[in-house]
Structure formats: structure tokens, C-alpha cells
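Bear in mind that the values in this text are calculations on the coordinates, not laboratory data. From a predicted model like this one, the values you see are computed outputs, not experimental measurements. Reconstructed Cβ throughout: ideal geometry from the backbone, glycine too, with neighbour counts over all protein chains shown.
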Amino acid sequence: MTTQARSREASTRHTSVWRWLAAALIIASAASLPILRFLVFWPQDQWQVDIEVYREAGVSLLIGRPIYLAMTEAPQLLPFTYPPFAAFLALPLALIPFRAAAWLWTVGQVAATTGIVWYAGYRLIHRAGRADPLILGCLTAVALWLHPVADGIRFGQINALLVLLVLMDLRRPRPGLIARVPPGVFVGLAMSIKLTPGVFVLHYLLCRRWREAGTAIGTAALVTVLAAIAQPQSSVVFWGGALQDPARLGPNRGTSNQSIRGVLMRLGPEGRPGTVLWLLLVLLVGFAGFRIARRAYAAGDSVTEVAAVGLMACLLSPVAWIHHFHWIVVVILAILGPNPLPGPSRDRRRLIGAGVITVWFLCRLPWWGISWIADAWSPLFIGRFLQNADLFGALLALWLLGRSLAWGSPPREAGAGA
């Protein structure tokens with residue numbers, strides 16, 4: 001290699017380092033807004049309440065306290081609601097002070113969200129060439145401001161990790177060392193931490209992907225059995241009773257529950273007619289959602305596949321808090337696709353569709369609805385619509401995912417980078 005060539009290579013590496021530093025600065029600047037609001041200036045009695053739940057489960061293991069009887073400190077008094085395996089993952093949090101755990105967890109959420117954007121947005125990011133770090137930074141900045149993502153930072157939630165695990169399992173191509181992990185392992189781990197990612201096993205079965213389904217179930221069964229051996233009494237309590245009690249999760253009728261069931265609990269009907277209507281809607285939405293995911297799989301569009309099934313994890317669950325809709329990050333990038341701008345072989349509809357969903361979930365529409373109803377503004381149905389807007393936005397997003405499969409250029413799954 002000549003001296004001139006070495007000089008050009010060194011200059012390229014130097015420029016690349018500065019681009020990545022600029023991307024990190026963009027992400028840190030964007031993250032500072034929810035962090036300042038929810039960690040610096042937030043009331044202490046509501047501070048990082050969910051990470052406190054996880055940490056207390058780890059503390060319970062260390063001191064021999066029953067996992068599912070322990071509560072966080074007043075005024076929240078929140079119980080641990082996850083499988084016993086998740087409590088073992090929380091052990092490192094119990095070894096450090098609560099405030100340190102909360103700050104580290106927040107950094108982890110920002111990093112995981114950045115990973116989600118990198119995985120789900122690679123078709124767009126890698127088209128930018130040398131500018132790809134800056135595109136990653138800008139896309140992540142917007143993602144961090146989405147209502148579900150910001151709420152995850154507010155509470156110290158685990159959803160970013162779950163979405164990233166599922167993406168690592170299903171997105172194609174699978175880069176680097178991840179390609180050596182059998183498909184299904186990460187889904188199995190995700191559903192061992194929280195049950196809702198189990199919808200991906202159903203998706204595997206509907207697509208006749210028996211090996212992946214078996215690996216996911218086997219992984220979940222293995223770690224669950226190991227947790228049961230270590231904590232037999234807690235396992236009996238969870239699988240024998242706590243799992244069947246949705247009230248442990250909080251007031252299901254509250255605005256934060258944006259699942260189909262949550263909205264029906266607010267709008268009616270109640271009792272058996274409400275349950276029958278919920279089951280019918282679950283079947284209808286589930287049929288549409290899994291059909292879109294199967295079409296995406298057949299088309300080789302793994303990002304849309306993950307996005308559609310991820311929405312099912314929220315819509316079909318009895319309880320889906322606003323921060324559970326972290327899947328919207330994947331949805332937006334799936335709709336955006338590789339060619340969002342007008343031009344040859346590009347489709348403006350992708351840009352419009354992704355823009356609508358982005359703006360929808362940037363706004364805190366359910367709380368606008370609460371204010372509308374509380375102030376008795378007319379007409380009332382607008383307030384009710386806004387109060388339940390995340391459900392309607394998710395249904396719109398699902399429809400756009402189905403439409404996007406027929407838009408623009410085909411997905412570029414093969415041969416792309418990480």
C-alpha cells in the first residue's frame with residue numbers, strides 16, 4: 001500500500017470516528033429530554049417505579065423473601081408480576097443501590113432502543129453509505145421521543161430489551177455472532193422474562209416453522225425448569241395463581257391499558273357481552289395481524305413480520321400499558337422501508353404512512369383525551385377517541401403494514417449489513 005493510500009485510509013477512519021461521535025451526541029441530546037423530565041425533575045414518590053419492582057425481586061432472592069408477596073415501598077406498593085426466571089435476571093440490580101440501578105437501566109434502555117433502530121432500520125440506514133451513523137442517530141432521536149418509549153424511560157421498563165431480543169431472532173440476515181445462535185432462542189428467552197412475546201411462537205407455528213417454534217419453546221421450558229428447581233415455591237405461586245390474576249398488574253380499566261380489552265372495559269359493554277365482544281375482536285384482529293405477518297415472511301420482509309406480530313403482543317393481550325407499544329419503533333421503520341423519498345423506484349406513500357404513525361405516537365393523545373373529558377368539552381366522543389387513541393393508532397399501523405407490503409421496491413433482506 002502506498003503512502004497516499006495509507007493517508008486516505010487513515011483519513012477515512014478519522015472521519016468515520018467523528019461521524020459515530022456525532023451520532024452518539026445526537027442520541028444523548030435526544031435522550032436528555034425524557035431523562036431530565038423523568039429522572040431529574042420527576043416526583044420522588046413516582047421515581048422509576050418499575051425498575052424498583054425488578055430490583056426488589058432480586059432482593060427477595062438474596063434475603064429469602066417470597067418473590068410474589070413482596071411490595072415496593074409506599075405509596076406505589078407494586079408487586080412483582082413476571083415469571084421467576086426474570087427475578088434471577090434482576091439479581092445484579094439488587095447488588096447496587098436503587099438510584100444507581102435506575103440510572104444504569106436508563107442508559108441500557110437508550111442503548112437497546114438504538115439497537116432496535118439499527119436492526120429494524122438497516123435497509124434505510126445502510127443506503128446512506130458513510131452517513132449511516134448520522135441517520136442512525138437521527139432515527140433514534142425520534143424514537144426516544146415516542147410516547148411509549150419515553151414512558152418506558154419514565155417507569156424504568158423492560159420492553160426495549162424484549163423488542164431487541166425478538167429482532168435479533170427474526171430479522172434477516174442475522175449478522176455476526178448472532179447468526180450462530182439457533183433461531184428461536186432469543187424469542188424463548190424473551191417469553192421467559194415476560195409472557196407476551198409468546199405470540200411469536202404462535203406465528204412460527206402458523207408459518208409451519210417447526211424448528212424455530214420448538215427451539216423457542218424448549219429454551220423457555222429449560223430456563224423455567226431451572227428457575228423452578230431454584231425457587232420451587234415461587235414457581236408454584238406464579239404458575240398456579242399470580243399468572244391468572246390480571247389485577248396484580250394494576251387497574252385494568254385505566255387509560256394506560258390500551259389493549260382491545262382495556263378499551264372495551266372503558267367503553268362497554270360490561271359483563272359477559274363485553275367478554276364475548278372482546279374474544280370476537282381478538283379473533284378478528286389476530287387473524288388480520290398474523291396474516292400480514294405471514295405475508296411478510298413469505299415476501300422475505302422480516303422487519304414488517306416482526307412489526308405485525310409485535311402489535312399482536314399488545315392488541316391481543318388483556319393488559320397492554322402504553323409503554324408496551326415500544327414495538328411502534330419497529331412499525332415505523334417497517335413502513336418507511338428502504339425507499340421512503342420520492343424518485344425512481346421510490347414510494348411517497350411510505351413516507352406519509354410512517355410520518356402519520358410517528359406524529360400519532362409522538363403526541364400523548366390518551367392524556368389529551370383525559371383532559372378533554374375532565375374539562376367536559378363537547379363533543380364527548382372526541383375525548384373518548386383521544387383517550388383510546390393508542391389502540392386506534394395501532395390498528396391503523398397494522399393496516400399500513402399490510403398495505404406497505406405492496407408498496408415501492410421489494411425488501412432488501414439478503415446481503416445487507418448488521
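This ranking places Met71, Met191, Met168, Met265 by how few other beta-carbon atoms lie within 10 Å of each, fewest first, which gives Met71, Met265, Met168, Met191. Summing Cβ point charges (Lys, Arg +1; Asp, Glu -1) relative to the Cα centre of the chain gives a dipole of roughly 1300 debye.
Restricting the calculation to Cα atoms, segment 182-330 shows an Rg/Rh of 0.99 when the hydrodynamic-style radius is the Kirkwood one.
Ranked by the mean number of other Cβ atoms within 10 Å per residue, highest first, peptides 170-179, 289-298 order as 289-298, 170-179. Panel note: the C-alpha atoms of segment 145-220, placed on their principal axes, show extents of 38, 27, 19 Å (largest first).
Computed from the Cα positions only, the extents of the chain along the three principal axes stand at 71, 53, 49 Å, in decreasing order.
Model label sites at Arg180 and Leu362, defined 7 Å from Cα along the beta-carbon direction, differ in position by 4.2 nm. Put simply, the C-alpha atoms of segment 47-170 give a gyration tensor, and the ellipsoid matching it has half-axes of 33, 14, 11 Å, longest first. Summing Lys and Arg as +1 and Asp and Glu as -1 over all other residues whose Cβ lies under 13 Å from the Cβ of Ile178 gives a net charge of +3. Please report the base-10 log of the normalised intensity I(q)/I(0) for segment 343-401, using a Debye sum with one equal scatterer per alpha carbon and no solvent, at each q in 0.12, 0.14 (1/Å). So the normalised log intensities work out to -0.37, -0.47. For a label point 7 Å from the Cα of Leu279 along Cα→C-beta, name the residues of segment 200-238 whose backbone N is under 16 Å from it. Under cut-off, by backbone N: nothing. Volume per residue for segment 244-403 equals 119 cubic angstrom (convex hull of Cα atoms).
In this structure, Arg127 and Val236 have a Cβ-Cβ separation that, at R0 = 35 Å, corresponds to a calculated FRET efficiency of about 0.10.
Each of Val142, Val185 was scored by other Cβ atoms within 10 Å of its Cβ. Arranged with the fewest first, they read Val142, Val185.
Spin-label pair Arg211-Phe385: with each label point 7 Å from Cα along the Cα-Cβ axis, the two points sit 4.9 nm from one another. Kindly identify segment 98-243 as rounded, prolate or oblate by the Cα gyration tensor criterion: order the square roots of the eigenvalues as a ≥ b ≥ c, call it rounded if a/c is under 1.5, otherwise compare a/b with b/c, prolate if a/b is larger, else oblate. In terms of gyration-tensor shape, oblate. By the scheme Lys and Arg +1, Asp and Glu -1, what is the net charge of all other residues having a beta-carbon under 15 Å from that of Leu267? In short, +2. About its Cα centre, segment 129-281 has a charge dipole of approximately 280 debye under the convention of +1 per Lys or Arg Cβ and -1 per Asp or Glu Cβ, with nothing else charged. Only helices enter this figure: runs of n ≥ 4 DSSP H residues, each worth -39500 (n - 2.57), summed and divided by the residues of the chain, yield -21000 deg cm²/dmol at 222 nm to the nearest 500. What net charge do the residues around Leu391 carry, taking every other residue with its C-beta under 12 Å from that of Leu391, with Lys and Arg at +1 and Asp and Glu at -1? Summing Lys/Arg as +1 and Asp/Glu as -1 gives +2.
Note on Ile370 and Gln44: their simple-model spin labels are 2.4 nm apart, each label 7 Å out from Cα toward Cβ.
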